[in-house]
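Reviewing the structure listed below.
The values are calculated or read from the model by the stated rules, or taken from the named source; none is laboratory data. Since this is a predicted model, take the numbers as computed values, not measurements. All Cβ positions, glycine included, derive from the backbone under ideal geometry; neighbour counts span all protein chains shown.
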């Protein structure tokens, strides 16, 4: 299953994978702000989150870490931005986006010519 999706992403490497989401930005000390109706996008260059009041661009080199929370949330930790919690719609697979982030991050780090297919151990599930 991962192999087929990985082949699909590599075949469509220049596309932008996007989804309508709600986000919560955590500024620390329990200061959280909720933003509804945002667009979460993944591309080869980085992660973008665009809404009426927010416009975040996170290059993969600035991404400190990320993970899945519950069934519908992806958490992004960045060096230059606060923690961002992305809440997906009910029928969207967060694991698909998690794997896509992992693929793009590996391509950015190693290059497209030196890319090695993912293993289950690297995914951290």
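Determine whether region 66-88 contains at least one residue that is at pLDDT 90 or above and farther than 20 Å from residue 26 by Cβ.
There is no residue in region 66-88 that is at pLDDT 90 or above and farther than 20 Å from residue 26 by Cβ.
Filtering region 14-27 down to residues that are part of a loop (DSSP other than H, G, I, E, B) and over 15 Å from the mean Cα position of the chain (by Cα), which residue is farthest from residue 80 (Cα to Cα)? Break it down stepwise before answering.
First, the residues of region 14-27 that are part of a loop (DSSP other than H, G, I, E, B): 14-16, 27.
When the remaining residues are screened for being over 15 Å from the mean Cα position of the chain (by Cα), the result is 14, 27.
Details: 14: 25, 27: 12 Å.
Here the residue is 14.
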